Structures are given as structure tokens and as C-alpha cells.
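Chemist: I'd like to ask you about the structure that follows.
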Amino acid sequence: MNILRRLRRCRTPRFLLGLLLAYLFVFASLYEMEPKTTILRVGLFAGSIWGVPQGDSYAYIDEVIQNFEAAHPHVKVIYQSGIRKQDYSEWLSGRALAGELPDVFLLPPDDFDLYTNRGVLAPLDALAKDDPDLDLDDFYPAPLAYGRSGGTGALYALPVECVPRLMFVNRTLLAREGIPLPPDDWTWDDFLAICREVTRDTDGDGRLDQFGAYGYTWQDAVVTSGQRLFRADGKASYFADPLIESAIRFTLALQQTLQGQTVQERDFDLGRVAFRPFNFAAYRTYQPYPWRIKKVTNFEWDCIRLPRGPEGKNTSPIETLLMGISAQTPERQLAWEFLKAVCYEKESQEQLLHLSAALPVRRGIIEDAAPAALFGSAADERSGRSPQAVSRVMEEGSLPDRFPHYSEAILIADREIQKLLQGSLQETNAMNRLQKEVNDLLLK
């Protein structure tokens with residue numbers, strides 16, 4: 001009898017232990033069945049890359065994140081706020097060296113080739129090809145091409161937003177001088193003739209106080225000359241080409257209208273300058289109140305295409321902000337879905353018009369926009385300006401040069417060409433010598 005009691009006392013703890021283990025097994029199984037939250041990290045900077053004031057740097061991305069998380073209930077998208085634009089490149093390279101790159105991140109233009117050559121960015125061609133919900137032809141050509149490697153043509157980033165460089169016109173000054181607004185197909189000769197006509201001393205003190213142009217450079221002339229400065233692979237330059245030389249001579253003729261005086265930004269702000277090249281983000285920012293009141297007073301301004309050379313076109317270079325995916329992300333497909341949400345989804349790109357000073361990169365958004373969304377509250381007063389006209393600029397826009405040694409090459413070129421424009425360097429063979437110097441650099 002005593003032995004039976006002992007057996008019963010021994011079996012009770014074993015039963016309780018077995019029951020406890022069974023409960024733990026059930027709870028563990030239920031825990032494993034519960035969907036886990038996936039964290040997707042995004043790299044961003046604060047402020048506008050286009051050099052204009054921006055009230056809420058994260059308004060657009062926050063809108064995209066909210067919609068993305070609603071469509072993906074078990075995904076949490078996070079980013080570190082407060083990284084200044086000028087500090088972003090260093091911050092991103094630090095994350096790359098530490099092996100802690102965000103899953104998806106904005107790309108500084110100067111770092112694109114470095115990241116592609118070092119395998120930091122995930123290639124996107126296969127992801128795009130296998131995605132039935134995306135068609136690369138929906139992007140404007142120049143912004144999409146900016147995300148391709150110059151060496152291989154492989155796609156490593158998608159465009160987020162972009163801005164063309166256009167000519168801004170002081171409509172009030174031209175009207176006062178009895179000069180009509182130039183058409184979009186105007187030429188260098190038209191531009192030079194107007195600048196010569198409006199540049200003068202209006203108050204009789206012996207100094208010019210009204211000017212034709214401010215901020216127009218020899219590089220603006222080259223864009224519309226009909227020739228590029230560099231070969232596509234960045235291994236050769238064309239400074240000695242007759243079309244490039246004609247662009248430099250035109251720039252010199254334009255500069256000579258100033259009679260040795262220097263035009264300041266303040267002159268444009270006070271309405272004393274007829275023309276100034278600007279990016280379209282500046283136009284959109286400074287048209288509405290209050291920025292327009294703070295920036296410019298007492299004149300109306302408009303935008304048209306850059307004037308073209310005899311062999312060129314009225315082409316605008318398109319500056320583009322890119323976004324890519326880390327090659328090391330464990331969530332490549334999810335990162336691709338988020339990249340599409342930022343760069344491609346129609347609803348997001350439509351919101352970009354209202355939340356950014358830049359323009360959408362997807363076709364169809366600009367054409368369908370109300371004029372006021374692009375041109376501000378004075379849109380109805382603008383003759384000849386339309387969303388369709390802006391879309392044509394985007395369709396026909398040119399791709400800025402980007403390759404290793406580009407910054408060094410253009411610095412050398414600008415130094416020597418400025419000497420030409422200032423008359424301190426003889427023109428004979430100057431462009432040939434410049435081309436040889438630049439090519440030597442590019443072949444290193």
C-alpha cells in the first residue's frame with residue numbers, strides 16, 4: 001500500500017510536466033503561425049535637391065509609405081530623418097562601408113557610377129522584365145536612361161522626380177520694349193537680337209541698368225548646338241568640333257552686349273533682366289505666394305525652351321533624382337515593390353505634383369494635370385503655356401553627362417573657356433589644345 005502511494009506521488013509531477021510541455025508546444029505553434037512584421041529601411045535626405053525652399057521634405061515619401069503600409073499590413077517602412085542634403089553622400093557611404101545600407105535609398109548623382117561599379121546596387125532589369133505591373137516605356141526617356149550604367153547600359157535605379165532647364169522670360173520688360181514673347185522654336189540669332197535691343201542705360205547715368213540675360217553659360221549653348229561635349233562612354237571629348245566652337249562664339253557675342261559690366265542676381269530680381277535660364281522647380285516654387293513676393297517684385301515672368309543653334313534643337317537638359325535597391329537587402333522583392341510605389345505608381349506620381357517642386361517621371365501625369373498645378377495661380381493668363389508643352393519638353397529632353405572624371409574634365413574646360421570669353425586667351429587652336437588636355441584626363 002505504501003509503495004502504491006509513492007507511485008501515485010511520483011506520477012503527478014510527471015503528468016503536470018507533460019501538460020505544461022503540451023501547452024508550450026501549442027503556444028509556440030500559434031506564435032510561429034502569427035505573421036511577423038518586416039522592417040524595410042529607406043535612405044533619404046532633408047531638403048530639395050533642386051536648390052529651392054521646401055516646407056516638408058518628407059511629405060511625398062510619407063504619403064507613399066502610408067499607402068504602402070496599408071497595402072502591406074505586416075511591413076513597417078522606416079527612415080532616419082534630419083540628414084542634410086550636403087551630408088547625405090557621406091552618410092550613405094558610411095552605411096555602405098559598415099554593411100548597413102538601407103534596403104532602398106536615394107542616389108546622389110555623383111555617386112551613381114561608384115556604387116554600380118562596386119556592386120552596391122541591385123540590378124533592376126530582371127525585376128522590371130518579370131513584373132507584369134510595370135512597363136519601362138511609361139517613363140520619360142531621359143530620366144529612365146539616367147538610371148542606366150554608362151558602361152553596360154544595365155538598369156540600376158529608377159527615377160523619382162526630375163526638372164528640365166528652361167529659359168525664364170521677364171514678360172513685363174519685353175512688353176514695355178514692344179517685343180513679343182519668343183516662340184518655343186526660337187534661335188540663337190533671335191535671342192542675341194533681343195538681348196542687344198533691351199540692353200541699355202535707362203536712366204542716363206552712363207551705365208547699363210537693363211540687360212538681356214543673366215546666368216546663360218557656354219554649356220547652355222552647347223546643349224542646343226547639335227553636338228555633345230563628350231562621347232557616351234566618357235572616353236573622349238569634342239571641344240574642337242565646329243558646332244562646339246560655334247556655341248562658344250555665340251556665348252562670346254552674347255557677353256559682349258554687356259560692354260564689360262557684370263549682371264547680378266539682384267538685377268534679375270528687380271526686373272532689370274529679360275532672360276535667365278532656371279530649372280523648372282524654381283519656376284514652380286517662386287510663382288505662388290509667398291515665395292514669389294519674397295523673390296521677385298513688379299514683373300511677370302514666364303518660361304520657354306532654350307534657344308537653338310543653326311544645327312541644334314530647342315533641347316532642355318533633364319536633371320533627375322534616382323532611387324535604387326541595395327544589393328545586400330534580404331527583402332529584394334519587397335524593396336522592388338516599394339521602389340515601384342515611389343517611382344512608378346500613378347497615384348503616387350500624381351501626388352508628387354502637389355507635394356514637390358519637381359515634375360513626375362511617368363508619362364501621362366503632366367498632360368492630365370490642371371494648368372494651375374504646373375504654372376501656379378496665374379496659369380490662365382499664360383499665353384502658349386500648357387501641360388502638354390511641358391510634357392513635350394520632357395519627351396525631347398537631353399541626358400546630362402555623367403561618368404568618372406566628369407567633374408575634373410568640366411572644371412578644366414570651364415577654366416579655359418572662361419579665358420577665351422574674357423579675351424585673355426587667343427582663340428587660334430585653343431579648342432584643339434583643350435580637347436587634347438581633356439582627352440588625356442579621360443583616358444587615364
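Only the coordinates and a few stated rules stand behind these numbers; no lab work does. From a predicted model like this one, the values you see are computed outputs, not experimental measurements. Ideal geometry is used to build each Cβ from the backbone, glycine not excepted, and the neighbour counts take in all protein chains shown.
Chemist: Report, in debye and to the nearest 20, how large the dipole of segment 211-293 comes out about its Cα centre when Lys and Arg carry +1 and Asp and Glu carry -1 on their Cβ.
Modeler: With Lys and Arg at +1 and Asp and Glu at -1, about 180 debye.
Chemist: Check which residues have an amide H placed less than 5 Å from GLU319's amide H, if you skip close sequence neighbours.
Modeler: It is VAL163, ARG165, by chain and number.
Chemist: Also: Sticking with the crude label model, points 7 Å out along Cα→Cβ, report the distance from GLU347 to ALA389 in nm, one decimal please.
Modeler: 3.4 nm
Chemist: Under the rule of at least 5 residues apart or a separate chain, name every residue whose amide H is placed under 5 Å from the amide H of TRP301.
Modeler: ARG171
Chemist: Given PHE278, TYR60, LEU411, which one lies farthest toward the positive end of the charge dipole of the chain, if we put +1 on the Cβ of every Lys and Arg and -1 on the Cβ of every Asp and Glu?
Modeler: TYR60
Chemist: Helix by helix, which DSSP H runs in the chain go 24 Å or more along their axis at the Cα atoms and have an average Kyte-Doolittle hydropathy of 0.0 or more?
Modeler: Length and hydropathy pass: 2-33.
Chemist: Between their Cα atoms, which of LYS129/LYS346; LYS36/LYS129; LYS235/LYS340; LYS36/LYS340 are more than 26 Å away from each other?
Modeler: Details: LYS129/LYS346 19 Å; LYS36/LYS129 29 Å; LYS235/LYS340 33 Å; LYS36/LYS340 23 Å.
Table pairs above 26 Å Cα-Cα are LYS36/LYS129; LYS235/LYS340.
Chemist: Still on this model: Taking a spot 7 Å from the Cα of ARG402 along the direction of its beta carbon, which residues of segment 131-151 have an amide N less than 19 Å from it?
Modeler: Of the residues in segment 131-151, 136-151 have backbone N under 19 Å from the label point off ARG402.
Chemist: Using 0.36 nm per residue, how much length does the chain from LEU441 to ARG196 gain when fully extended, once their Cα-Cα distance is taken away?
Modeler: Between LEU441 and ARG196, full extension yields 84.3 nm more.
Chemist: I would also like to ask the following. Gain in length, GLN328 to GLN259, computed as 0.36 nm per residue apart minus the alpha-carbon separation, to one decimal in nm?
Modeler: 19.0 nm
Chemist: From Cα pairs below 8 angstrom and at least 6 apart in sequence, can you work out the relative contact order of the chain, rounded to a whole percent?
Modeler: With pairs under 8 Å counted, the relative contact order is 22 percent.
Chemist: Here's another thing I want to ask about it. Report D for the chain in µm² per second (integer): Stokes-Einstein, Kirkwood Rh on Cα pairs, 25 °C, 0.890 mPa s.
Modeler: In µm²/s, the coefficient is 98.
Chemist: Output needed for segment 219-373: three equivalent-ellipsoid semi-axes, defined as square roots of 5 times the C-alpha gyration tensor eigenvalues, in descending order, whole Å.
Modeler: 34, 26, 14
Chemist: Want the number for ASN429 to SER89: 0.36 nm per residue separation, take away the alpha-carbon distance, what's left?
Modeler: Values: separation 340, 0.36 × 340 = 122.40 nm, distance 3.95 nm.
Result: 118.5 nm gained on full extension.
Chemist: Rank the residues GLU395, GLU161, GLU245, GLU319 as a footprinting-exposure proxy: fewest other Cβ atoms within 10 Å of their Cβ go first.
Modeler: Result, fewest neighbours first: GLU395, GLU245, GLU319, GLU161.
Chemist: Still on this structure: Rank these for me by crowding, ARG200, ARG118, ARG148, going from fewest to most other beta carbons within 10 Å.
Modeler: Least to most surrounded, the residues fall as ARG118, ARG200, ARG148.
Chemist: Can you pull the one-decimal nm distance between simple spin-label points at LEU97 and GLN418, each 7 Å off the Cα toward Cβ?
Modeler: A separation of 3.1 nm, rounded to one decimal place.
Chemist: Right, something else. So how do 233-242, 212-221, 89-98 stack up, highest first, on mean other-Cβ count within 10 Å?
Modeler: Values: 233-242: 17.0, 212-221: 20.9, 89-98: 14.3.
In descending order of packing, they fall as 212-221, 233-242, 89-98.
Chemist: Most exposed first by the Cβ proxy, i.e. fewest other Cβ within 10 Å, how do SER356, SER149, SER225 rank?
Modeler: So the ranking, lowest neighbour count to highest, is SER149, SER356, SER225.
Chemist: Additional query: When the helix-only estimate is applied to the chain (DSSP H runs of n ≥ 4, each -39,500 (n - 2.57), divided by the residue count), what is the mean residue ellipticity at 222 nm, nearest 500 deg cm²/dmol?
Modeler: -13000 deg cm²/dmol
Chemist: Applying the Karplus parametrisation 6.51 cos²θ - 1.76 cosθ + 1.60 with θ = phi - 60° to the phi angles of segment 199-213, what ³J(HN,Hα) value in whole Hz is obtained for each residue in order, glycine and proline being reported as x?
Modeler: Each residue of segment 199-213 in turn: 6, 6, 8, 8, 10, x, 8, x, 10, 5, 9, 9, 10, x, 8 Hz.
Chemist: Using modelled amide H (1.01 Å from N, peptide plane; none on Pro or chain starts), what sits under 5 Å from the amide H of ARG363, excluding residues fewer than 5 places away?
Modeler: PHE139, TYR140
Chemist: Looking at the chain, send over the antiparallel percent of its DSSP beta bridges, to the nearest 5. It would help to have the intermediate numbers written out before the result.
Modeler: On the way: 26 of 38 bridges.
In the chain, DSSP labels about 70 percent of beta bridges as antiparallel.
Chemist: Another one. Can you tell me the dipole magnitude for the chain around its Cα centre, using point charges on the Cβ only (Lys, Arg +1; Asp, Glu -1), in Debye to the nearest 20? Spell out each step's value before the answer.
Modeler: Numbers: 49 positive and 60 negative charges, 459 e Å.
I would put it at about 2200 debye.
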